[in-house]
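Structure first, then comments.
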Amino acid sequence: MAGIFKAYDIRGVVPTELDAKTAYLIGRAVAVFLNKSPILVSRDMRTSSPEIAAALIDGITDSGRDVVDAGLLSTDANYFAIGHYDYSGGVQVTASHNPPQYNGFKISREQALPVSYETGIGDIERMVKENVFPPAARKGKVGQRDALADFAAHVLSFSRGIAPLKVVVDAGNGMAGRMMPPVFGRLPITTTPLYFDLDGRFPNHEPNPLKAENVRALQKEVLDRKADIGIAFDGDADRVGFVDEKGEILPNDLAGALIARQVLQENPGSHIVVDPRSSRATSEEIVAAGGKAQIERVGHSYMKATMRRLKAPFGLELSGHFYFRDNFYADSGAIAMMCMLNLLSRERKPFSEIARPLRRYSTTGEVNYEVPDKDAKIEEIAKTFRDGRQTRIDGITVDYDDWWFNVRKSNTEPLLRLTLEGNTPEARNKGLARIEPLLGKRAKH
């Protein structure tokens with residue numbers, strides 16, 4: 001059980017770190033924490049999910065709360081169902097993009113408000129460890145609900161006139177394989193599905209589109225099919241990545257900039273929330289489209305809270321989480337996909353041509369370094385680079401005229417994460433040569 005209670009979710013290896021008994025106790029704690037009925041529970045396609053979800057539901061009902069069991073859903077559909085049906089909260093049983101032996105829980109309050117360690121997971125951890133729960137006056141009831149059709153209709157409501165595009169979609173044997181067919185069936189596109197069979201063993205590749213090796217099959221299929229776009233979902237389908245018609249990966253911060261331009265056409269002058277790892281091009285595109293770029297620290301609870309405060313219609317993270325005000329401020333891979341199909345349909349130009357002007361800077365991407373004392377290292381960086389413009393929204397960001405970098409802490413590992421960008425490859429390399437000696441050994445992942 002030790003270490004499974006994370007910053008934004010609960011996650012661990014089954015059964016050594018997370019088993020049915022622990023899932024039951026977590027269910028009891030969730031029921032006490034949310035303190036209302038009904039509570040939505042849904043799950044992904046992992047081989048351990050049926051047992052873990054059943055134990056979770058038993059724990060919730062033994063604490064006297066009613067459950068709506070929605071069965072197999074993507075995480076973004078879980079968020080939608082909580083908000084759309086006005087449930088008092090919900091739990092998605094998933095370990096997102098992690099390898100098959102993992103499972104866990106993403107917890108939300110009413111209106112899909114996220115529960116982080118600071119806002120509830122810490123309390124749930126304490127209750128689970130104490131294992132003392134108030135007696136329930138009655139056992140809660142379990143009902144069922146199929147949210148698939150309503151979710152598909154919700155995703156389709158973001159359509160703005162889709163052209164007959166050729167699209168390749170890699171579901172990675174994850175939940176997109178269930179959630180996307182009802183959407184595609186009502187669009188005038190030709191779809192080539194890759195790995196749509198639900199298989200929690202992930203026999204083809206890890207369901208993480210952020211890693212280049214996981215999109216190679218998608219890239220090849222896009223080229224072979226002469227498709228207009230390739231789309232890759234992660235395991236629980238709340239994240240998405242894009243490949244252009246030349247098979248080139250489009251970084252998610254630049255994909256977010258393209259979506260932001262569309263959103264700002266319907267919401268002129270609005271704030272768009274971006275994370276501090278995003279390219280300068282992203283903020284520049286937002287401003288050029290009449291919006292205001294608001295930097296917020298990485299993590300869905302922070303992004304969603306700032307979006308709600310500013311009533312921002314859209315937010316984005318480099319990791320491929322795209323957030324929408326009209327989706328209860330929650331992230332959705334499916335809605336981001338729809339926005340990109342809108343873009344291609346309206347522009348009637350090759351995807352690579354649309355994206356080319358945004359590829360104007362040179363980036364390292366996010367690189368991990370093994371650093372035992374993360375806080376001390378960040379202070380050392382601050383002193384070393386005191387000639388630059390510094391901000392402390394998430395770790396430390398230092399800006400120079402021709403390059404910038406962000407160094408932030410991993411929430412769970414002794415790692416510092418560096419993102420560095422230069423106006424040119426030379427400026428990027430110059431900056432990297434300055435900071436990398438301070439950071440030391442690159443991590444293997």
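The values are calculated or read from the model by the stated rules, or taken from the named source; none is laboratory data. Since this is a predicted model, take the numbers as computed values, not measurements. Cβ atoms come from the backbone with ideal geometry, glycine included; neighbour counts cover every protein chain shown. Remember, those area values only see protein heavy atoms, side chains included, never the ligands or the DNA or RNA. Shrake-Rupley method; radii C 1.70, N 1.55, O 1.52, S 1.80 Å.
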In the range 210-243, how many are in contact (Cβ under 8 Å) with a residue 24 or more places away in the chain, more than 11 Å from the chain's Cα centre (by Cα) and part of a loop (DSSP other than H, G, I, E, B)?
3
Kindly indicate whether GLU206 is in contact with a helix residue (DSSP H, G or I) (Cβ under 9 Å, 6 or more places away or on another chain) and open to solvent by 40 Å² or more (accessible area, probe 1.4 Å).
yes
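Given the options GLY235, GLY320, name the one that is buried (at least 19 other Cβ atoms within 10 Å of the Cβ) and on the phi > 0 side of the Ramachandran plot.
Values: GLY235 fails: on the phi > 0 side of the Ramachandran plot.
Just a single option satisfies the conditions, and that option is GLY320.
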Exactly one of VAL128, VAL183 is under 30 Å from SER37 (Cβ atoms), out of contact with any strand residue (DSSP E or B) (no Cβ under 6 Å at 6 or more places or on another chain), among the hydrophobic types (A, V, I, L, M, F, W, C) and outside any loop (DSSP other than H, G, I, E, B), and that one is VAL128
Condition first: over 17 Å from VAL274 (Cα atoms), open to solvent by less than 20 Å² (accessible area, probe 1.4 Å) and not in a strand (DSSP E or B). Now tell me which residues in the range 394-417 satisfy that.
SER410
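What residue, among those in the range 39-52 that are touching a residue at least 12 places away in the same chain (Cβ under 8 Å) and open to solvent by 40 Å² or more (accessible area, probe 1.4 Å), is farthest from VAL132 (Cα to Cα)?
Only one residue tops the list, namely THR47.
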Quick one: is ILE82 β-branched (Val, Ile, Thr), open to solvent by less than 10 Å² (accessible area, probe 1.4 Å) and assigned to a helix (DSSP H, G or I)?
yes
Looking only at the range 146-201, count every residue that is of a type in the set (Val, Ile, Thr) and open to solvent by 30 Å² or more (accessible area, probe 1.4 Å) and tell me the total.
2
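Please verify whether the range 154-177 includes one or more residues that are of a type in the set (Asp, Glu) and in a strand (DSSP E or B). Step through it out loud before you land on a result.
Here is the first cut: in the range 154-177, the residues of a type in the set (Asp, Glu) are 170.
Checking the rest, the ones that are also in a strand (DSSP E or B) come to 170.
For the range 154-177, residues of a type in the set (Asp, Glu) and in a strand (DSSP E or B): present.
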How many residues are over 21 Å from the mean Cα position of the chain (by Cα) and open to solvent by 30 Å² or more (accessible area, probe 1.4 Å) if we restrict to the range 113-142?
15
Of the criteria (1) at pLDDT 95 or above; (2) open to solvent by 80 Å² or more (accessible area, probe 1.4 Å), which one PHE351 fails
(2)
Quick check on the range 364-379. Is at least one of its residues in a helix (DSSP H, G or I) and either open to solvent by 80 Å² or more (accessible area, probe 1.4 Å) or in contact with a Cys (Cβ under 6 Å, 6 or more places away or on another chain) (or both)?
yes
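For the range 214-232, name all the residues that are hydrophobic (A, V, I, L, M, F, W, C) and open to solvent by less than 10 Å² (accessible area, probe 1.4 Å).
The answer is VAL215, LEU218, VAL222, ALA227, ILE229, ILE231, ALA232.
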Where the second residue is among the aromatic types (Phe, Trp, Tyr) and assigned to a strand (DSSP E or B) and the first is within 20 Å of THR363 (Cα to Cα) and lies in the range 265-280, which pairs have Cβ atoms under 8 Å and are six or more apart or on separate chains?
ARG280/TRP404
